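Participant: Let me give you the structure first, and then I'll get to my questions.
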Amino acid sequence: MRKRDLLTPIGITLGFIMIMLAILSSGGEKVSSFIDISSILIVIGGMIASLLINFKMEHIKLTNKVLKEAFHKNNQQLPDLIRLFIKLSERARREGLLALESELEEVEDPFIKKGVLLAVDGIEPEVINEIMHAEITALEERHYKGRLILEKCGEYAPAWGMIGTLVGLVLMLTTLDDPSSLGPSMAVALLTTLYGTVLANLVFIPMASKLENKTEEEVFLKQIIIEGVIGVQSGQNPRILEEKLSAFLTTDNKKDVKVEDTVYTGESIHEA
């Protein structure tokens, strides 16, 4: 089961709380005065209309799935990956590549399974590299299309906020002879800009950036997986493979992957 990324909801909630505190501390006793249905309809409705024009329906249907990704984090950790490939390397050197099929029963990542099965089938390392990099390219393209929806929302929300501001100003200018209508018209003018700007800078743009970072992290891990698969297939010594893969680790993570319970003795690994 994937873990929830609590930083996303905490950040969004904290942002709205700060706005509410700023309103209250500035003497805005009525928070309800910052709620205007007309402004909400202009920003949300206009943004949805723009998305319908810009994207195909199959892409828009991905929005819910894309949003969920921003609230979850990848369970796969680099030290665990390195430990796995050390184990696979030791097994392959001792019993042959065919023995790795039984090891895959405990592996959940389909990308790792695919790479190891290609190695077991005797595919050339260059071909494995091409096949798996092609899958990475396809993954990046899928993630980009999903992230692009949020990026466009970040562009459209402030733009429709400005449109709402113009609408409110026009209404205000056409009713200058009626002082009672100036307040509601000015509210529409200002609140649409507020809504659009807040949604863009607190929700859509940060979430799009987070998804971009998650994609880069996932691609980075998959590239390490490719190195691990090719290392296992070529029969590299587990110690050498560990040193090679550990080059991708930070200094702190290197302490985690120097597995205390793993001792190399010649061709095999024994539990200490």
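The values are calculated or read from the model by the stated rules, or taken from the named source; none is laboratory data. A quick note: this is a predicted structure, and the numbers were derived from the prediction, not measured. Using ideal geometry, Cβ is built from the backbone for each residue, glycine included, and neighbour counts are taken over all protein chains shown.
Participant: Conditions first: (1) in contact with a Lys or Arg (Cβ under 9 Å, 6 or more places away or on another chain); (2) at pLDDT 80 or above. Val257 passes all but one, so which condition is the exception?
Facilitator: Going through (1) in contact with a Lys or Arg (Cβ under 9 Å, 6 or more places away or on another chain); (2) at pLDDT 80 or above one by one, Val257 breaks only (2).
Participant: So which residues in region 125-158 are among the small types (Gly, Ala, Ser), without any contact (Cβ under 8 Å) to a residue 60 or more places away in the chain and either more than 17 Å from Leu211 (Cβ to Cβ) or surrounded by 12 or more Cβ atoms within 10 Å (Cβ to Cβ) (or both), if there are any at all?
Facilitator: Answer for region 125-158, where residues must be among the small types (Gly, Ala, Ser), without any contact (Cβ under 8 Å) to a residue 60 or more places away in the chain and either more than 17 Å from Leu211 (Cβ to Cβ) or surrounded by 12 or more Cβ atoms within 10 Å (Cβ to Cβ) (or both): Ala134, Gly154.
Participant: Select the helices (runs of 4 or more DSSP H) contained entirely in region 1-117, then report the ones holding at least 2 residues which are in contact (Cβ under 8 Å) with a residue 24 or more places away in the chain and over 30 Å from Ala189 (Cα atoms). Break it down stepwise before answering.
Facilitator: Numbers: elements: 7-25, 37-40, 46-54, 57-60, 63-69, 78-95, 100-103.
Qualifying helices (runs of 4 or more DSSP H): 63-69, 78-95.
Participant: Hey, another quick one. Determine if region 205-221 includes at least one residue that is of a type in the set (D, E, K, R), surrounded by fewer than 21 Cβ atoms within 10 Å (Cβ to Cβ) and either farther than 20 Å from Asn75 by Cβ or free of Cβ contacts under 8 Å to residues at least 40 places away in the same chain (or both).
Facilitator: Here is the first cut: in region 205-221, the ones of a type in the set (D, E, K, R) are 210, 212, 214, 216-218.
Remaining after also requiring surrounded by fewer than 21 Cβ atoms within 10 Å (Cβ to Cβ): 210, 212, 214, 216-218.
If we keep only those that are either farther than 20 Å from Asn75 by Cβ or free of Cβ contacts under 8 Å to residues at least 40 places away in the same chain (or both) as well, we get 216.
Yes.
Participant: Quick check on Asn201: is it more than 29 Å from Glu124 (Cβ to Cβ), surrounded by fewer than 18 Cβ atoms within 10 Å (Cβ to Cβ) and out of contact with any Gly (no Cβ under 9 Å at 6 or more places or on another chain)? Working first, answer last.
Facilitator: Details: more than 29 Å from Glu124 (Cβ to Cβ): yes; surrounded by fewer than 18 Cβ atoms within 10 Å (Cβ to Cβ): yes; out of contact with any Gly (no Cβ under 9 Å at 6 or more places or on another chain): no.
So Asn201 fails the test.
Participant: Can you find, within region 1-60, the residue that is nearest to Leu211 (Cα to Cα) among those that are aliphatic (A, V, I, L, M) and loosely packed, with under 10 Cβ neighbours inside 10 Å?
Facilitator: The residue in question is Met1.
Participant: Ok, one more. Could you list, ordered by first residue, the pairs with Cβ atoms under 9 Å in which the first is in region 176-190 and closer than 15 Å to Leu166 by Cα and the second is assigned to a loop (DSSP other than H, G, I, E, B) and not aromatic (Phe, Trp, Tyr), at least 6 apart or interchain?
Facilitator: Note: pairs meeting the criteria are Leu182/Thr175; Leu182/Leu176; Pro184/Asp36; Ser185/Thr175; Ala187/Asp36; Val188/Asp36.
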